[in-house]
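To keep things clear, I will list the structure first and then write my remarks on it.
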Amino acid sequence: MKNDPARQRRETYAYAVELAVRYGDLDTNNHLNNVAFSRFFEEGRVRLHHSLGGRRELDFRPIVANISIDYLREGGWPAPIEVCAGIVRFGTSSYVVGQALFQEGACIAVSDTVMVNRAVDGPGGAPLPESLRTALEPFRLSASPTESG
């Protein structure tokens with residue numbers, strides 16, 4: 001992720017939301033701590049999904065299977081954070097949400113989260129509903145790899 005220059009450009013992402021930085025998000029060095037980065041990514045991811053109309057309407061039972069974060073620069077307070085998000089790729093029962101955090105125009109972190117559609121009747125994944133793929137397609141990253149199954 002961090003080695004992909006496109007992932008550090010705002011225009012790569014189809015979705016964005018601005019969030020306030022709280023003083024309590026800082027560590028002892030007055031920088032955003034790693035937990036705050038995770039919370040910003042989570043809030044952006046949840047708001048992206050909420051913008052689609054909700055999981056019930058899309059017949060989707062999401063669980064997070066994996067999260068990876070590359071920290072690129074220090075973040076601070078009080079400047080707000082812009083959380084950007086898009087879809088990196090689709091699988092059969094999962095998809096990857098690619099995100100970036102921007103503060104004062106600089107990309108300070110990038111993240112990938114693997115989301116799995118949980119099966120109704122037991123453990124494991126279920127195929128992604130077509131309604132979800134259709135709803136997420138407009139958010140595909142402009143520099144994303146082709147769809148894989």
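The values are calculated or read from the model by the stated rules, or taken from the named source; none is laboratory data. Note that this is a predicted model, so its numbers are computed, not measured. All Cβ positions, even for glycine, are placed from backbone atoms using ideal geometry, and neighbour counts span all protein chains on display.
A few notes on this one:
- Selection count, the range 77-127, where residues are over 17 Å from the mean Cα position of the chain (by Cα) and of a type in the set (S, T, N, Q): 2
- For the condition over 17 Å from residue 109 (Cβ atoms), in contact (Cβ under 8 Å) with a residue 24 or more places away in the chain and of a type in the set (Gly, Ala, Ser), residue 65 qualifies.
- Contact map, the range 70-86: first residue aliphatic (A, V, I, L, M) and surrounded by fewer than 16 Cβ atoms within 10 Å (Cβ to Cβ), second residue modelled with pLDDT of 95 or more and assigned to a loop (DSSP other than H, G, I, E, B), Cβ cut-off under 6 Å, separation 6 or more or different chains; pairs are 79/104.
Residue-wise test of (1) in contact (Cβ under 8 Å) with a residue 60 or more places away in the chain; (2) touching a Phe, Trp or Tyr at 6+ places or on another chain (Cβ under 6 Å); (3) surrounded by fewer than 13 Cβ atoms within 10 Å (Cβ to Cβ); (4) of a type in the set (Asp, Glu).
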| residue | (1), (2), (3), (4) |
| --- | --- |
| 2 | yes, no, no, no |
| 9 | yes, no, no, no |
| 14 | yes, yes, no, no |
| 20 | yes, no, yes, no |
| 24 | no, no, yes, no |
| 34 | no, no, yes, no |
| 47 | no, no, no, no |
| 50 | no, no, yes, no |
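- Qualifying residue in the range 63-76 (condition: over 15 Å from residue 4 (Cα atoms), among the hydrophobic types (A, V, I, L, M, F, W, C) and in contact with a Leu (Cβ under 8 Å, 6 or more places away or on another chain)): no
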